[in-house]
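See structure below.
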Ligand SMILES: [Zn+2]
Ligand SMILES: [Zn+2]
């Protein structure tokens, strides 16, 4: 369980909903958090799975962690893993992966 920057974010990110398994299908879900990429996104409810990546928390205004999307792919490449074809190791799938600290 990841702790986010503030209570509001904690309660808004990846809201568990008993009617929708997919947050993109749930009208109550506003923010999505990708643990592997350390990315926060505002969900665009257009029927697809689009989101807008945000750099600051909409509630407390703190800077959110740097996106690790590029380094995620770089690290996999370094290990010779193709994320589209090969099995991605478990440590790449959640927040156990070391992330760079948020920059003030
Ligand atoms: Zn729902
Ligand atoms: Zn916050």
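Can you find a residue that is more than 13 Å from ligand 1 (Cβ to nearest atom) and in a loop (DSSP other than H, G, I, E, B) anywhere in region 16-35? Yes, there is a match, as at least one residue in region 16-35 is more than 13 Å from ligand 1 (Cβ to nearest atom) and in a loop (DSSP other than H, G, I, E, B). If you go through region 44-57 and keep only what is surrounded by 14 or more Cβ atoms within 10 Å (Cβ to Cβ) and either under 16 Å from residue 8 (Cα atoms) or within 16 Å of ligand 2 (Cβ to nearest atom) (or both), you end up with 53, 57.
When region 1-31 is examined, which residues are found to be modelled with pLDDT of 90 or more, touching a helix residue (DSSP H, G or I) at 6+ places or on another chain (Cβ under 7 Å) and within 15 Å of ligand 2 (Cβ to nearest atom)? Matches in region 1-31: 4, 30, 31. Looking across region 61-91, the residues that are within 18 Å of residue 40 (Cα to Cα) and surrounded by 10 or more Cβ atoms within 10 Å (Cβ to Cβ) come down to 62, 63, 64, 65, 66, 67, 68, 69, 70, 71, 72, 73.
Against the numbered list (1) farther than 24 Å from residue 92 by Cβ; (2) within 16 Å of ligand 2 (Cβ to nearest atom); (3) surrounded by 16 or more Cβ atoms within 10 Å (Cβ to Cβ), residue 38 comes up short only at (1).
The values are calculated or read from the model by the stated rules, or taken from the named source; none is laboratory data. Everything numeric here is computed off the predicted structure, so don't read it as measured data. Cβ: placed from backbone, ideal geometry, glycine included. Neighbour counts: every protein chain shown.
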